[in-house]
Amino acid sequence: MSASLGNRILLIAALVSIAVLVGNGAAHFYHPGPASTSKVIAAAEVSDFKTKFEALNPPDIALPAIPTTSVPIYAKSYVVIDHATKYPIKGLNEHDKRPIASTTKIMTSLVALDVYPLDKVITVSRDAATISGSEIQLMTGETMTVENLLYSLLMNSANDAAYSFADAYTSRQAFVDLMNKKAAELGLSDTHYMDPAGLDDTGYSSAHDLAILTDYALDNPQFRKVVATQKFSAWSADKVYVHELSNSNRLIMPDEPLYYPQAIGVKTGFTFDAGHCLVGAAEYPDHSRHVVVILHTNDETSNDASAREARKLLDWTSP
């Protein structure tokens, strides 16, 4: 191998593993993996970095285009990242640690997929059946497969499904510990979970961490299938009960005014402290994929506020 070719390969490898986060007149280099670090650099260096990246890399890993127009996004934190490069195309307060409500269940689902086979039958505990907030009215003692609990968890944001997963493990706390362990393994340094449903607002994450987590999750075929499902009938294992599910994500529902044809998921969330939140994703005809995160919209009264802002961001940054 020639020295010039070797240097080119090393430079490509280094550049693909980092992204540039632009905000407040500065930029940060970060690596989304376990050894995540940040370094503040001058804006001129960012331009130089982008020029060298695009000059040396083949088209399939070139940095995405940055919109030159301005669109107001009414949320306390947001970000859009590009799947291929993990490059943050647009963002605001991306690393602010905030309560994230039911978007917590993205990690809940991934841990459940790690520790349970899809056909495992879980018995709903009394604590899970009586949990407050969003639920699908699971009955104490009802049995349901892991697969059907996943649909309930991710489509209807069922807190009773989240707690069923945790309570079926060695202990609820042990399940939450696995969530935090996986966050650390993925380099999500802005994240700490306190419960499996996102009801405890002392748990937190950031728009950046949720985007990286979701981009990772979408590479799991089972997760990807569930979050893109519009309607589903979740039967109990004994076929006694059925729960008719309808996805709470307005971006993927064709009968919703905010339907976004390129959307492929992912998860909604709301508590009074977290505000309206949404993690979304879209795939485009050129096969690029963007993940969008909206945390705490400025509009706390409208149920579609997070979908409205997410759709604006996806439109604004679409290739």
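The values are calculated or read from the model by the stated rules, or taken from the named source; none is laboratory data. Just so we're clear, the structure is a prediction, and the values are computed from it rather than from any experiment. Cβ atoms come from the backbone with ideal geometry, glycine included; neighbour counts cover every protein chain shown. Please note that ligands, DNA and RNA were not included when accessible areas were found on the heavy atoms of the full protein model with its side chains. Shrake-Rupley method; radii C 1.70, N 1.55, O 1.52, S 1.80 Å.
Some notes on this structure:
- Region 256-319: radius of gyration over Cα atoms, expressed as a fraction of 2.2 N^0.38 Å: 1.10
- Taking all protein chains together and rolling a 1.4 Å probe, V293 ends up with roughly 0 Å² accessible.
- Summed side-chain charge close to N298 - residues other than N298 whose Cβ falls under 14 Å, Lys, Arg +1, Asp, Glu -1: 0
- Residue-count net charge about R172 - beta-carbon cut-off 11 Å; Lys, Arg +1, Asp, Glu -1: -4
- q = 0.33 Å⁻¹, region 120-159: log10 I(q)/I(0) [Debye, one scatterer per Cα]: -1.22
- Estimated distance in nm for a label pair at D238 and D255, the labels positioned 7 Å out from Cα along Cα-to-Cβ: 3.2
- Along region 80-91 the Karplus relation, 6.51 cos²θ - 1.76 cosθ + 1.60 evaluated at θ = phi - 60°, assigns HN-Hα couplings of 10, 10, 8, 4, 5, 10, 6, 6, x, 6, 9, x Hz to successive residues, with x for each Gly and Pro.
- With every protein chain in place, region 166-273: carbon and sulfur % of accessible area (1.4 Å): 54
- Computed from the C-beta positions of K97 and S246, the FRET efficiency with R₀ = 35 Å rounds to 0.65.
- FRET efficiency, 1/(1 + (r/R0)^6) with R0 51 Å, evaluated for Y284 and R126 via beta carbons: 0.65
- Each label was represented as a point 7 Å from its Cα along the Cα-to-Cβ direction; for Q230 and A184 these points are 4.3 nm apart.
- Paramagnetic reach from Q222 (point 7 Å along Cα→Cβ, amide N under 17 Å) across region 114-146: 114-123, 144-146
- For region 211-268, the relative contact order works out to 27 percent when only alpha carbon pairs closer than 8 Å and six or more residues apart are counted.
- Using the Cα coordinates of region 159-309, the gyration tensor eigenvalues translate into equivalent-ellipsoid semi-axes of 24, 21, 17 Å, sorted from longest to shortest.
- Taking Cβ atoms as reference points and 10 Å as the exclusive limit, the residues near Y74 contribute a net charge of +1, counting Lys and Arg as +1 and Asp and Glu as -1.
- Relative contact order (percent, whole number), region 235-281, Cα cutoff 8 Å, 6+ residue spacing: 24
- Base-10 log of normalised Debye intensity for region 103-230 (one unit scatterer per alpha-carbon) at q = 0.10, 0.17 Å⁻¹: -0.27, -0.81
- Note: relative contact order over region 176-272, using C-alpha pairs below 8 Å and six or more positions apart, is 17 percent.
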